[in-house]
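The next block holds one structure in the form of structure tokens; read it before the comments.
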There are 2 protein chains.
Amino acid sequence: MHIAALEKVKKIVPDMKGAKGVYKQIPISKEDGTPTFSFRVFTIEPGGHTPLHNHPFEHLNYVIEGNGSVMAENREYEVKKGDFIMVLPDEVHQYRNTSTDAPLVIICAVPKEYE
Amino acid sequence: MHIAALEKVKKIVPDMKGAKGVYKQIPISKEDGTPTFSFRVFTIEPGGHTPLHNHPFEHLNYVIEGNGSVMAENREYEVKKGDFIMVLPDEVHQYRNTSTDAPLVIICAVPKEYE
């Protein structure tokens, strides 16, 4: 059993080349003893974005709040609060906050080997 | 790439013995090609609860909205919007909506073998 209130989880600026205005929290990870998957939360400021990149593992995402877009495999999809997104392994992808005044906050779950 | 808006995902009454006032949605599962993990969403009505049970896999939970409690290993913990909870394999657990007027809505992620 492990409980973490998001507002109490340390927020850091991740070392991600190509990211702009992105903050990271890690409420559930291998350090907490997760058997398989870790949960991170990214907060993206208005105009900010994650890197346009790919990697050999999937993302399972949920939009906690805000509006933005996800680029995947050369297509751009609008995303909003309440959306679930699965980015498959090796898909080139990028999240963007397309609003001018509100953060985009997303859960980003990955296999524990990566967090 | 797979996107599912929660409000458009079919809501069913799950076949869970011991559950009361519980509805289930499955925005990401093996049917969508998830490599490792599936995301379900449970909506628990005021006064409702999931079964008091255990199983050989973990739950990774996020409280989308509402207030309630989670019983785990004979202790009861209050949970609220914004909380992340990890229930480890084999822990006896139960979610309860302790409010009188608002739903408790939680993400419940499990290994894809189970959903």
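Summary of values
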{"item": "FRET E, pair B:TYR77, A:SER99, Förster distance 35 Å, beta-carbon r, rounded to 0.05", "result": "0.55"}
{"item": "³J(HN,Hα), Karplus 6.51/-1.76/1.60, whole Hz, each residue of the range B:62-76, x for Gly, Pro", "result": "9, 8, 6, 7, x, 9, x, 9, 10, 8, 8, 6, 6, 10, 10"}
{"item": "Pairwise centroid distance, computed over Cα atoms, of the range A:75-91 with the range A:21-41, Å", "result": "19"}
{"item": "Total charge dipole magnitude, the range A:1-111, about the Cα centre, Cβ charges on Lys, Arg, Asp, Glu only, Debye to nearest 20", "result": "300"}
{"item": "Relative contact order for chain A, counting Cα pairs under 8 Å that sit 6 or more residues apart, in percent", "result": "30"}
{"item": "Whole-number D in µm²/s for chain A (Stokes-Einstein; Kirkwood sum over Cα pairs; 10 °C, 1.306 mPa s)", "result": "111"}
{"item": "Dipole magnitude of the protein assembly as shown about its Cα centre (Cβ charges: Lys, Arg +1; Asp, Glu -1), debye to nearest 20", "result": "260"}
{"item": "With all protein chains modelled, accessible area of B:ARG75 [1.4 Å, Å²]", "result": "140"}
{"item": "Chain B Cβ-axis minimum, rotational copy A, residue and distance in Å", "result": "B:PHE37, 2"}
{"item": "Accessible-area composition of the range B:1-113, carbon plus sulfur, in percent [1.4 Å probe]", "result": "48"}
{"item": "Contact surface B-A: accessible area buried, both sides summed, square angstrom, 1.4 angstrom probe", "result": "3100"}
{"item": "Distances in nm from A:VAL13 to the matching label points in the other copies, shortest first (labels 7 Å along Cα to Cβ)", "result": "5.4"}
{"item": "Along each principal axis, Cα extent of the protein assembly as shown, largest first, Å", "result": "48, 34, 33"}
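The values are calculated or read from the model by the stated rules, or taken from the named source; none is laboratory data. As the structure is a prediction and not an experimental result, all values here were calculated from the model. Virtual Cβ from ideal backbone geometry, glycine too; neighbours counted across all protein chains shown. SASA here: full protein model, heavy atoms, side chains in, ligands and nucleic acids out. Shrake-Rupley method; radii C 1.70, N 1.55, O 1.52, S 1.80 Å.
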